[in-house]
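The values are calculated or read from the model by the stated rules, or taken from the named source; none is laboratory data. All values reported here derive from a predicted model rather than from experimental measurement. Positions of Cβ are backbone-derived with ideal geometry, glycine not excepted, and every protein chain shown enters the neighbour counts.
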Amino acid sequence: MRVRTIAAAATAVVVGWLPATSSFASDLCERACLTGMADKYLAALVAHDPSQLPLARVVRFTENGQELLLGDGLWGTATAAGKYRLYVADPEDGQVGLYGTVIEGDNPVYMALRLKVDYGLISEVETIVVRSGGTTSFPPAGKTMEEIFGGGLDKAVELDAECLSSLLLTNTGRSGFVMSSLPKEVQWSPVFAFVPGDWNGDGLVDVIAAGNFYGVLPYEGRYDAQMPALFAFDPKKQQFEPGPILAGARGEVRDLKWLRTANNGSILVAARNNDSLLFFHPSPSSR
């Protein structure tokens, strides 16, 4: 009987220690979760009600470098959220930044916000509030493009982005350029280096492209599908066709350069992040 009493007491201690929140099961607040927290903060701010927020037991709040109780400062004067919001989310560290506008009375103010989120609960709030002294010196805040520019938009030139892929612009020598879309093999990963040259000695321009990017968060997955590859120009089709991949050139390539050799030949040098240089010798058989 005594053993059962001790076990029951231990169970009560453990259960009492667990956070009373449904977010406890996961400590990772993803990007959408973090930006949602920033939106909740703005909604609670203009409602003057911090209890609307999922708060940790202890919350550190500062405004313009001064430590305050959550609910003081701008919490007592904000009347509406502005229309401009720029989010910067860091899911790996559980933080989100927001740069936007808030209406205070009839005047807009700048607000920079940083939230620290642990286990789905806000534990740190840091704000910088910049008051401009009125709408005269701060005309863009909370306004649409039409309200800012008025009739000036009638003279604006509308441009359309028709191609969002990697491409090549060739100077025709006649005050113009020819745009050539590169094959899909170049679109799989970011391209950081292009170099033209006659790789196979046929007198036509070839292009070697290389890239990759590993500096991403683990959940995103690194971009490593691009090895240096040759693209030969087909004059009949007036487009570039994929050629051979330069084998053994894995890594993050950041630059490609041709070097002249002593016998008036050429070698291609590839520089990679945190790795050795690579050297390639072109030859007619490489195709």
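The table below gives the values:
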| read-out | value |
| --- | --- |
| Within the range 63-107, strands (runs of 3 or more DSSP E) holding 3 or more residues that are of a type in the set (Ser, Thr, Tyr) | 78-90 |
| Answer residue from the range 32-62, given it is among the small types (Gly, Ala, Ser) and in a helix (DSSP H, G or I) and is nearest to LEU113 (Cα to Cα) among those | ALA38 |
| Any hit, the range 154-169, residues being under 30 Å from GLU92 (Cβ atoms) and in contact with a Phe, Trp or Tyr (Cβ under 6 Å, 6 or more places away or on another chain) | no |
| Any hit, the range 226-234, residues being modelled with pLDDT of 75 or more and either exposed (fewer than 12 other Cβ atoms within 10 Å of the Cβ) or not assigned by TED's automatic domain parsing to the domain that holds ASP255 (or both) | no |
| Residues that are acidic (Asp, Glu) and either over 27 Å from VAL216 (Cβ atoms) or in contact with a strand residue (DSSP E or B) (Cβ under 6 Å, 6 or more places away or on another chain) (or both), drawn from the range 59-110 | GLU63, GLU67, ASP72, GLU104, ASP106 |
| Top-ranked residue in the range 106-124 [being touching a Phe, Trp or Tyr at 6+ places or on another chain (Cβ under 7 Å) and surrounded by 21 or more Cβ atoms within 10 Å (Cβ to Cβ); ranked as nearest to VAL46 (Cα to Cα)] | PRO108 |
| Given (1) without any contact (Cβ under 8 Å) to a residue 40 or more places away in the chain; (2) under 29 Å from the mean Cα position of the chain (by Cα), number of the condition ALA209 does not satisfy | (1) |
| Pairs where the first residue, in the range 80-95, is in the same structural domain as LEU121 (by TED's automatic domain parsing) and in contact (Cβ under 8 Å) with a residue 24 or more places away in the chain and the second is in a strand (DSSP E or B) and of a type in the set (Lys, Arg), C-beta under 8 Å, 6+ apart | GLY94/LYS116; GLN95/ARG114; GLN95/LYS116 |
